[in-house]
Amino acid sequence: MRNTIRPVANAALARFYRLLLAECGEHVFNPWTQRDEAYDGALNGPEARLARLRAHLGVDARRILVGEASGYQGCHISGIPFTSERVILAGEVPRVRARAARLSLRHIPWSEPSATTMWGTLHALGIAETTVLWNAFAWHPHEPERLQSNRTPTRVERAEGLAALAALLEAFPQSEVFAVGRHAELALQELGRAATSLRHPSMGGARRFREGLRVALDAA
C-alpha cells in the first residue's frame, strides 16, 4: 500500500520517534538505541530495527493493535512489536523485506508464540497490510542481569510509556484501536482512548484472541 500518511500525522510520528529514542530506565533494553552484543548479527542492531519499524508504520493504517511491552523473542530483535525473527524471514510482515541473512546469532531464528499467532491471524483475516502493531510500554523490560527474559512493566514504567503511545495514536487518528491484554487496556484508558479489548494470545489465549478479533471486525 502506498504511504498516504498526512503532514499532521508525520509531525506526530516525528515526535514519536524522538520519544522512542530517549533513555528508558534501569533493567530496560531499548531495541532502537542499544545493541544486543550476545545475539545481534552483523546486519542487525538499533539502526536496522528502527528502519524496519519505520517501514512497518509507513502506511495509513486502518487499525492499531496495542500490546503490553517488547519481548526478548520478538521486538527486542526485530524492532517491531509482536514480530519475531522467524516471521520476518518468512516474509510475513508487509513493507519489511525478508532477508536471506539472519538477524540474530542464535543457532535457530528467534520465534515468539504471540508473534506467530498475531501475523497468522492478521493474514487469515485479510488485514495484515492495513494494520500496525505497538505496545503500551515501547521498550523491553527484563529481569536484572537477564537480558533474555521478560517482566511486566512497573506502574511507573507504564506511566513513562504513555507519551510515546499517545504520539503514535495521534499519528493515526482515524484508526480503530484494539487493546491486546489488560495492561494495554489500562494504558489506553489512562489516555482516554476508546479501544476494543482482546485477549492476549499468550498463555493459552490464542484461540480467544483470534475469535475476538474476527468478531470485532465482523461487527464493524
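Some points to look at:
- Here L198, L191, L213 are screened, and the one residue that is under 25 Å from E170 (Cα atoms), modelled with pLDDT of 95 or more and either surrounded by fewer than 19 Cβ atoms within 10 Å (Cβ to Cβ) or out of contact with any strand residue (DSSP E or B) (no Cβ under 7 Å at 6 or more places or on another chain) (or both) is L191.
- Every residue from region 90-109 that is touching a Leu at 6+ places or on another chain (Cβ under 8 Å) and closer than 27 Å to G181 by Cβ: L103, P109
- Test: residue in region 39-59 that is modelled with pLDDT under 95 and charged (D, E, K, R): no
- Cβ-Cβ contacts under 6 Å between residues 6 or more apart (or on different chains), taken from a first residue in region 191-214 that is free of Cβ contacts under 8 Å to residues at least 24 places away in the same chain and polar (S, T, N, Q) to a second residue that is surrounded by 15 or more Cβ atoms within 10 Å (Cβ to Cβ) and not in a helix (DSSP H, G or I), are listed as T196/F178; S197/A179.
- Listed by first and then second residue, the pairs with beta-carbon distance under 7 Å, at least 6 apart or on different chains, first residue in region 164-176 and within 14 Å of A61 (Cβ to Cβ), second in a helix (DSSP H, G or I), are L168/F16; E170/A12; A171/A9; A171/A12; A171/L13; A171/F16; F172/A9.
- Considering R63, R86, R49, the condition of being crowded, with 20+ Cβ neighbours inside 10 Å and either under 12 Å from the mean Cα position of the chain (by Cα) or under 17 Å from G161 (Cβ atoms) (or both) is satisfied by R49 alone.
Yes/no matrix, rows are residues, columns are (1) over 17 Å from R62 (Cα atoms); (2) touching a strand residue (DSSP E or B) at 6+ places or on another chain (Cβ under 8 Å):
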{"residue": "F82", "(1), (2)": "yes, yes"}
{"residue": "L89", "(1), (2)": "yes, no"}
{"residue": "T117", "(1), (2)": "yes, no"}
{"residue": "T121", "(1), (2)": "no, no"}
{"residue": "L125", "(1), (2)": "no, no"}
{"residue": "H142", "(1), (2)": "yes, yes"}
{"residue": "N150", "(1), (2)": "yes, yes"}
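- Within region 28-55, residues that are without any contact (Cβ under 8 Å) to a residue 12 or more places away in the chain and more than 15 Å from S84 (Cα to Cα) have Cβ atoms under 7 Å from residues that are crowded, with 17+ Cβ neighbours inside 10 Å and not β-branched (V, I, T) in these pairs: R35/G45; R35/P46, counting only partners at least 6 apart in sequence or on another chain.
- Per-region count, region 111-148, residues part of a loop (DSSP other than H, G, I, E, B), surrounded by fewer than 23 Cβ atoms within 10 Å (Cβ to Cβ) and without any contact (Cβ under 8 Å) to a residue 60 or more places away in the chain: 3
- Filter pass, E157 being buried (at least 16 other Cβ atoms within 10 Å of the Cβ), part of a helix (DSSP H, G or I) and at pLDDT below 95: yes
- The lone exception for R99 - which of (1) out of contact with any strand residue (DSSP E or B) (no Cβ under 6 Å at 6 or more places or on another chain); (2) of a type outside the set (A, V, I, L, M, F, W, C); (3) crowded, with 17+ Cβ neighbours inside 10 Å it fails: (3)
The values are calculated or read from the model by the stated rules, or taken from the named source; none is laboratory data. A quick note: this is a predicted structure, and the numbers were derived from the prediction, not measured. All Cβ positions, glycine included, derive from the backbone under ideal geometry; neighbour counts span all protein chains shown.
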